[in-house]
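Engineer: The following block contains the structure, expressed as structure tokens.
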Amino acid sequence: MTNLLDRPPTFLDLPLPVAAPPLVRLVDVVRRYKMGSGPVTAVDGISLDIARGEFVALMGASGSGKSSLLNLLGGLDRPTSGEIWVADLNLAQAGKRALVEHRRRQVGFIFQSFNLLLHRSALENVELPMMLAGVAPAIRRARAAALLVEVGLAERSDHRPSELSGGEQQRVAIARALANESPLLLADEPTGNLDSATGASVMQLLRDLNRAGRTLVVVTHDPGVAAYADRTVHLRDGQILRIEQQTPGGREDGR
Amino acid sequence: MRALDVLDTGLGNLRRRKIRTVLTSVGVWVGILTVVTMVSLGIGMQAQITDIIKQWGLETVFVSAKVPQQASGAFNPYARTRPDKPITPAIVAGFRALPGVATVEPLVDIPEGLNLSLLLAGKDRPFVLVDQSSREALFETKVDITAGQALPSGEAGRGIVLSHRYLSGQGILPTAEAALVGQQAVLHAITPRGDKADFPLTIVGVDTATRGGRIGTADALALKQWWFNAPDILQTDGYAQVAVHAQSLNAASQVATAVAAQGFSAQTLQLLLDQVNRIFLIVETMLSSIGVLALVVASIGIANTMIMAIFERTREIGVLKALGASNGDVLKMFMVESAAIGLLGGICGVIGGWLLSRLLDWVIHNYLTSIQVSIPAPFFILTPELIAAAVAFATVIGLLAGLYPAARAARLDPLTALRHE
């Protein structure tokens, strides 16, 4: 070891150009539902890798399978066939207990309609995932308060969702998604219920979180939202239509 | 999820719907109130009877002659049913000679249909003579002597003991009672035909019995001999009942066997106590089954409320599952809710049952006092075991009622639940 450090560096000492394993790997994922009118294929053979720290937008018309894909990633649903790897877990094969652990530790959900518990304060809503994970009250309270500071709602922590604006509610929901330090954030139309200015600030917040290292998958039909992403996956009829890599210049935040 | 958080979440959900929670628990508390009141009545009555039986001592054997079958049902105060084998003085002496026997107390019954009055303190007064051999006298609650002494026992026992209640009914003040002891009273007996006889008696004491007074066995025998005009009645009819006190419980059963072998019916108090306990178990079960019926209805109410609550909170359940709640977490949350409804009902029911039994106790005692019967012991006894069992039972009812709704909530598919409006 000392020898290696003593000699001048050569190209051999540079990191190998082998990519780190992706956080998410989808292999030929199919999801069929039995509907009244017969089977419906919501996801039809999708294969996709998402790297750690990446920001991916899933775009498509309604019924294109983008929300189904998000639910599969979140472990709320299981594929009919194919493999879904998140970190080291294949969700297609995982047991119930493992799926619960996956939802607790690996992913954070952000919904279009916020889905905050109405009878709990902002702080208690942020505490919820930690409570479910069995974190001690004092620790989770402190962490929830810190997260509310991070999303800019320090003074609103005792307010109920009904006393908060839509944008504020979505910020609480984002803080909640961060509570268990899940590496993967899944957002389903996060700006769908917000006006454009509020939506933009929420997207800024998500963008910042992504920069801080979180992997982000956002489902949207709004090109303005997709423009924040590193990569946009266009879906149609459950299949990938095309994948669009954003050029750094094309990004709205001008990174 | 931590147990405390499960508890807190479940109870928090109940607090959000206070009125519904209280209304749902009313069914439980009515049921528990009924069960608690009924069982405490059973316990109270049982305790009284057991107490009376124990006063006699469990080592007492009651011996009576066997009466021929065909005669036993007929009621005729003028003709007496002669037993096949009367308990004559010779037989009583035989009982005394049995091993393990401490004392033997023969009892003579008082003929029915007698019209009695008592010349007492210079005044002829109506009088009720308590038959010493009757069940009423045998099982009266504990009687205390307030002045003088108890009746002398045994065949030769003479004298009269008057009840304080009778004396005060006759306007004789408690302060004058002690002065009566040692005085003479005369019992006037009149048959329906108009025959009269006087029996002079010495007042031996005053006691706390419910009514009238009692006389010694020798005096009762004299009364009976006159009534039936049969001086040899002890030889022909024998004693009505003989209380044989054995030296120990073991001796009592041996004495009972020996007496039964001689052709008499012998009953030990232990046997009687067992019978009483069995009867009370049946009575308690019957009474509390009314409450159990109420609890069955209440549990349906709880199940209904829980199903409604779960329907209302379907979306919330979906969110909780998306955030990492396991099926078990959801199950436990709802089980805590329904158990808490049961527990609340149980606590209210026990308090309500206690209040109701206090009230009924008061009403019964007032009534008994008004008809000159005094039973000082409480009729309703609420034991700690009963309270604990009632509360636990109510909680279990809540748990059972919540089992199906909670299992349904736990099995909800998170995606379906999240789409629920």
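Engineer: Can you confirm whether residue A:82 is crowded, with 17+ Cβ neighbours inside 10 Å, closer than 18 Å to residue A:23 by Cα and more than 14 Å from chain B (Cβ to nearest Cβ)?
Structural biologist: Judged against the criteria, residue A:82 is a match.
Engineer: Looking only at region A:116-152, count how many residues are within 14 Å of chain B (Cβ to nearest Cβ), of a type in the set (Lys, Arg) and within 13 Å of residue A:179 (Cα to Cα).
Structural biologist: Residues that pass the stated criteria total 2.
Engineer: Shifting gears a bit: Which of the following residues is surrounded by fewer than 21 Cβ atoms within 10 Å (Cβ to Cβ), on the phi < 0 side of the Ramachandran plot and either within 14 Å of another protein chain (Cβ to nearest Cβ) or touching a Phe, Trp or Tyr at 6+ places or on another chain (Cβ under 8 Å) (or both): B:326, B:357?
Structural biologist: B:326
Engineer: Given the residues B:216, B:212, B:182, which is the only one that is assigned by TED's automatic domain parsing to the domain that holds residue B:102, surrounded by 15 or more Cβ atoms within 10 Å (Cβ to Cβ), on the phi > 0 side of the Ramachandran plot and not polar (S, T, N, Q)?
Structural biologist: Result: B:212 is the single residue among B:216, B:212, B:182 that is assigned by TED's automatic domain parsing to the domain that holds residue B:102, surrounded by 15 or more Cβ atoms within 10 Å (Cβ to Cβ), on the phi > 0 side of the Ramachandran plot and not polar (S, T, N, Q).
Engineer: Suppose we filter A:188, A:158 for residues that are touching a strand residue (DSSP E or B) at 6+ places or on another chain (Cβ under 8 Å) and acidic (Asp, Glu); which single one remains?
Structural biologist: A:188
Engineer: Can you find a residue in region B:306-322 that is surrounded by fewer than 21 Cβ atoms within 10 Å (Cβ to Cβ), away from every other protein chain (no Cβ under 14 Å) and farther than 30 Å from residue A:186 by Cα?
Structural biologist: Among the residues of region B:306-322, at least one is surrounded by fewer than 21 Cβ atoms within 10 Å (Cβ to Cβ), away from every other protein chain (no Cβ under 14 Å) and farther than 30 Å from residue A:186 by Cα, which makes the answer yes.
Engineer: Assess whether residue B:260 counts as being among the small types (Gly, Ala, Ser) and not in a loop (DSSP other than H, G, I, E, B).
Structural biologist: yes
Engineer: Pick out the one residue from B:338, B:370 that is in contact (Cβ under 8 Å) with a residue 12 or more places away in the chain, away from chain A (no Cβ under 14 Å) and among the polar types (S, T, N, Q).
Structural biologist: B:338
Engineer: Scan region B:12-24 residue by residue and report those that are farther than 17 Å from residue B:307 by Cβ and under 41 Å from the mean Cα position of the chain (by Cα).
Structural biologist: Across region B:12-24, the qualifying residues are B:18, B:19, B:22.
Engineer: Also, I was wondering about something else. Considering region A:150-164 alone, what residues qualify as being under 24 Å from the mean Cα position of the chain (by Cα) and not acidic (Asp, Glu)?
Structural biologist: A:151, A:152, A:153, A:154, A:157, A:161, A:164
Engineer: Among A:182, A:157, A:165, A:201, which is over 24 Å from residue B:16 (Cα atoms) and away from chain B (no Cβ under 14 Å)?
Structural biologist: A:201
Engineer: Kindly check whether there is at least one residue in region A:99-109 that is farther than 18 Å from residue B:323 by Cα and more than 9 Å from every other protein chain (Cβ to nearest Cβ).
Structural biologist: No, the conditions are met nowhere in region A:99-109.
Engineer: I need the strands (runs of 3 or more DSSP E) fully contained in region A:1-96, keeping only those with at least 1 residues that are acidic (Asp, Glu) and modelled with pLDDT of 85 or more.
Structural biologist: Result: A:24-35, A:38-50, A:81-86.
Engineer: Anything in region A:119-144 that is of a type in the set (Gly, Ala, Ser) and buried (at least 16 other Cβ atoms within 10 Å of the Cβ)? List them, or say none.
Structural biologist: Passing the criteria: A:121, A:122, A:133, A:144.
Engineer: Hey, any hits in region B:167-181 for a residue that's in a strand (DSSP E or B) and of a type in the set (S, T, N, Q)?
Structural biologist: No - not one qualifying residue is present in region B:167-181.
Engineer: Here are the criteria: (1) crowded, with 21+ Cβ neighbours inside 10 Å; (2) part of a helix (DSSP H, G or I); (3) of a type outside the set (A, V, I, L, M, F, W, C). Tell me which single one residue B:278 does not satisfy.
Structural biologist: So the condition that residue B:278 fails would be (1).
Engineer: Scan region B:5-51 for residues that are within 30 Å of residue A:127 (Cβ to Cβ) and either outside any helix (DSSP H, G or I) or acidic (Asp, Glu) (or both) and jot them down.
Structural biologist: B:5, B:8, B:17
The values are calculated or read from the model by the stated rules, or taken from the named source; none is laboratory data. Since we're looking at a predicted model, the values are computed, not measured. Cβ atoms come from the backbone with ideal geometry, glycine included; neighbour counts cover every protein chain shown.
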